[in-house]
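S.K.: Pasting a structure below so you can have a look.
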Amino acid sequence: MFIQKKYIINPHFMYMAGQFDRNAKLCTIVTELNRTFIVDKSPLEILNDSIRCIGFDLRGAMETAKFLLGNKYMCPIMVNPIHKICVFPDKSSIHNDVKWFNPVHIARTFSSNQQAMIEFTNGLIITVPMKLYSFNHKLQTADQFRKMMLSIEQDPFSFEKDPRKGA
């Protein structure tokens, strides 16, 4: 499999997952619409590099998501508002094998053997070891967050924080 030294998330990005190489270094398997390859960086390094390309950082993106969505666990992250790329994790980002998904390329989800099956727009189907309901909830939150960020971009003064949430 082809190994890249660096990678910036682009509109073809479908999902990525951490995986250790033979030297026990955390790398990332990235799947785009028409190719899969390994990047010699961790998923969080790829996220940070991708967000830095537009002048922000991963920590700020995570804080913005928590501010807008409430103090939710495992918030989605806006990677690139210019290309409308938002990603969400299937589990906490502290896990090395976390998968990060781009909701734009998820065509449908269904259940098989008590696990979530994800079908992408290019026909690829993968299994995620979690309940379908949990995965769909994360997917819906990410999609709502993406739409929220895009509406704030269109008219930043139209956004008001809910006073019941304490801000």
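Since every read-out is calculated from the coordinates, none of them should be taken as a lab result. On a predicted model such as this, the values are computed, not experimentally measured, just so you know. Quick reminder, even Gly has a Cβ in these numbers, built from the backbone with ideal geometry, and neighbours come from all protein chains shown.
S.K.: Work out, in µm²/s and without decimals, the Stokes-Einstein translational diffusion coefficient of region 43-110 at 4 °C, 1.567 mPa s, Rh from Kirkwood over C-alpha pairs.
M.R.: 104 µm²/s
S.K.: How high is the FRET efficiency between Asn34 and Leu69 when r is their beta carbon distance and R₀ equals 45 Å, given to the nearest 0.05?
M.R.: 0.90
S.K.: From the helices alone, meaning DSSP H stretches of at least four residues, give me the mean residue ellipticity at 222 nm for the chain, per-run term -39500 (n - 2.57), in deg cm²/dmol to the nearest 500.
M.R.: Mean residue ellipticity, 222 nm, calculated: -9000 deg cm²/dmol.
S.K.: For the charge dipole of region 2-42, defined by +1 on Lys and Arg C-beta atoms and -1 on Asp and Glu C-beta atoms about the Cα centroid, which residue among Phe13, Leu33, Ile3 has the Cα displaced farthest towards the positive pole?
M.R.: Going by the charge dipole, the pick is Ile3.
S.K.: Here's something else I'd like to know. For the chain, what are the DSSP H helices with axial Cα length of 30 Å or more and mean Kyte-Doolittle hydropathy of at least -1.0?
M.R.: 132-154
S.K.: If I take every Cα pair under 8 Å that is 6 or more residues apart in the chain, average their sequence separation and divide by the length, what percent do I get for the relative contact order?
M.R.: Numbers: 283 pairs, mean separation 28.8, N = 167.
Relative contact order, the chain: 17 percent.
S.K.: Taking 7 Å along the Cα-to-C-beta vector as the label spot, tell me the Arg22-Asp143 distance in nanometres, rounded to one decimal.
M.R.: It works out to 4.3 nm between the two label points.
S.K.: Here's another thing I want to ask about it. Wrap a convex hull around the Cα atoms of the chain, take a quarter of its surface area, and give that in square nanometres.
M.R.: Numbers: hull surface 42.4 nm².
That works out to 10.6 nm², a quarter of the Cα hull's surface.
S.K.: Straight-line reach only, C-alpha to C-alpha below 28 angstrom: list the lysines that Lys147 could link to, leaving out same-chain residues fewer than 8 apart.
M.R.: Straight-distance partners of Lys147: Lys66, Lys72, Lys84, Lys91, Lys99, Lys131, Lys138, Lys161, Lys165.
S.K.: Ok, one more. What is the fewest-to-most order of Cys86, Cys53 by other Cβ atoms lying within 10 Å of their Cβ?
M.R.: Cys53, Cys86
S.K.: Further, regarding this structure: Gain in length, Gln4 to Leu124, computed as 0.36 nm per residue apart minus the alpha-carbon separation, to one decimal in nm?
M.R.: Working: separation 120, 0.36 × 120 = 43.20 nm, distance 2.22 nm.
Length gained, Gln4 through Leu124: 41.0 nm.
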